[in-house]
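A.B. asks: If you scroll down you'll find the structure; I have some questions about it.
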Amino acid sequence: MYSGELRTTHVNFSLKYGTFISNLVQSVILAGGLGTRLLPYTMFMPKPMLPLGEKPILEHIIEWNIRNGIRDIILCTSYLGRVIKDYFDDGSETGASIKYTMSRKPLSTAGQLKTAQELVHGRFVCEYGDSIYDFDISDMIEIHKRRGAFITMGLHEYDSLIPYGVIDSDGDGNVLAWREKPSTKVNINMGCYVMEPDVLNYIPPDTPWGMDALIDAALKNKETVLAYPTKGKFIDVGTYSLYKEASEEFRKRLGDI
């Protein structure tokens, strides 16, 4: 009985502590992409506002932040950004406090992030506006803090099927094995990061810059970049096939209408 009470107390403390950690950071969501791979859907609607179930993709992301104790949110917008601002306004209806930046041209991921520099006041979480996350961000933040990291990257295990027979051979050309359509597991970038505010000093202003260029610059300068493998679900809706798959999953969650 005593051990059960102790375990319950520890869990409750961990949950409260994790929420406390999350409350100390902001969330910057990159929602300014053109969504060209989803045309014509994105001709009059920014990609983060495409529906999944009964609400836009971006609303799912904001609700995930709130569940993790992050209510101070910055939305980096560009293409059709007014649609996003008209929908969420100051965020009060969602339970968050939302501020906006607006770029007048495509800046890629890190370039979009740069537009938030004047609004960022400390350690923050950066997320892509076309992905759905489902893991405890407070643990990622705590590991980032404890290790003194500059950037921590959220990773997702991806099982990739090779659609061919793979032949293993030695240096003399002898065939050692034939592996028919094997699968390989790799860790992929899921577009969710914990970052220190000085990260923004690496990004040139008003310049298209990818997140890969930012990570490369940080590594070259001997900054600590950590990998954080996540166990939760990750849904990317960046292409027709992925959006169709995600839409079907969320439709099933709604049940019969």
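A.B. asks: I'd like to know if region 111-123 contains one or more residues that are open to solvent by less than 40 Å² (accessible area, probe 1.4 Å) and assigned to a strand (DSSP E or B). So that I can check it myself, show each step before the final result.
C.D. replies: Pass one, region 111-123, residues open to solvent by less than 40 Å² (accessible area, probe 1.4 Å): 111-114, 116, 120, 122.
With the extra rule that they be assigned to a strand (DSSP E or B), the set shrinks to none.
No - not one qualifying residue is present in region 111-123.
A.B. asks: I'd like to verify a number: residues in region 36-60 that are in contact with an Asp or Glu (Cβ under 6 Å, 6 or more places away or on another chain) and either modelled with pLDDT of 95 or more or surrounded by fewer than 22 Cβ atoms within 10 Å (Cβ to Cβ) (or both), how many?
C.D. replies: Count: 0.
A.B. asks: Within the group Ile98, Ile137, Ile74, which residue is modelled with pLDDT of 95 or more, in contact with a helix residue (DSSP H, G or I) (Cβ under 7 Å, 6 or more places away or on another chain) and open to solvent by less than 20 Å² (accessible area, probe 1.4 Å)? Break it down stepwise before answering.
C.D. replies: Details: Ile137 fails: modelled with pLDDT of 95 or more; Ile74 fails: in contact with a helix residue (DSSP H, G or I) (Cβ under 7 Å, 6 or more places away or on another chain).
Of the residues listed, the single one that is modelled with pLDDT of 95 or more, in contact with a helix residue (DSSP H, G or I) (Cβ under 7 Å, 6 or more places away or on another chain) and open to solvent by less than 20 Å² (accessible area, probe 1.4 Å) is Ile98.
A.B. asks: Also, I was wondering about something else. For region 61-79, which positions are under 11 Å from Ala31 (Cβ atoms), assigned to a strand (DSSP E or B) and not polar (S, T, N, Q)? Outline the logic, then answer.
C.D. replies: Let us first name the residues in region 61-79 that are under 11 Å from Ala31 (Cβ atoms), namely 61-62, 73-79.
Retained after the next criterion (residues that are assigned to a strand (DSSP E or B)): 73-77.
Of everything in region 61-79, those that are under 11 Å from Ala31 (Cβ atoms), assigned to a strand (DSSP E or B) and not polar (S, T, N, Q) turn out to be Ile73, Ile74, Leu75, Cys76.
A.B. asks: Within region 140-167, can you find the residues that are free of Cβ contacts under 8 Å to residues at least 24 places away in the same chain and either in contact with a helix residue (DSSP H, G or I) (Cβ under 9 Å, 6 or more places away or on another chain) or over 16 Å from Thr224 (Cα atoms) (or both)?
C.D. replies: Of region 140-167, the ones free of Cβ contacts under 8 Å to residues at least 24 places away in the same chain are 146, 161-167.
Correct list: Leu161, Ile162, Pro163, Tyr164, Gly165, Val166, Ile167.
A.B. asks: Could you tell me which residue of region 140-162 is most open to solvent (accessible area, probe 1.4 Å), considering only residues that are outside any strand (DSSP E or B) and small (Gly, Ala, Ser)? Talk me through it step by step, then tell me what you get.
C.D. replies: Restricting attention to region 140-162, the residues satisfying the condition of being outside any strand (DSSP E or B) are 140-150, 162.
Remaining after also requiring small (Gly, Ala, Ser): 148-149.
Values: Gly148: 53, Ala149: 6 Å².
It comes out as Gly148.
A.B. asks: Only residues that are open to solvent by 60 Å² or more (accessible area, probe 1.4 Å) and not in a strand (DSSP E or B): list them for region 163-182, please. Before you say what the answer is, go through the steps one by one.
C.D. replies: The initial filter retains those residues of region 163-182 that are open to solvent by 60 Å² or more (accessible area, probe 1.4 Å), namely 163-164, 167, 169, 171-172, 174-176, 178-181.
Residues satisfying the conditions are Pro163, Tyr164, Gly171, Asp172, Asn174, Lys181.
The values are calculated or read from the model by the stated rules, or taken from the named source; none is laboratory data. The structure displayed is predicted, hence computed values, not measured ones. Using ideal geometry, Cβ is built from the backbone for each residue, glycine included, and neighbour counts are taken over all protein chains shown. Ligands, DNA and RNA are stripped out before the accessible areas are found, and what is left, the full protein with its side chains, is counted by its heavy atoms. Shrake-Rupley method; radii C 1.70, N 1.55, O 1.52, S 1.80 Å.
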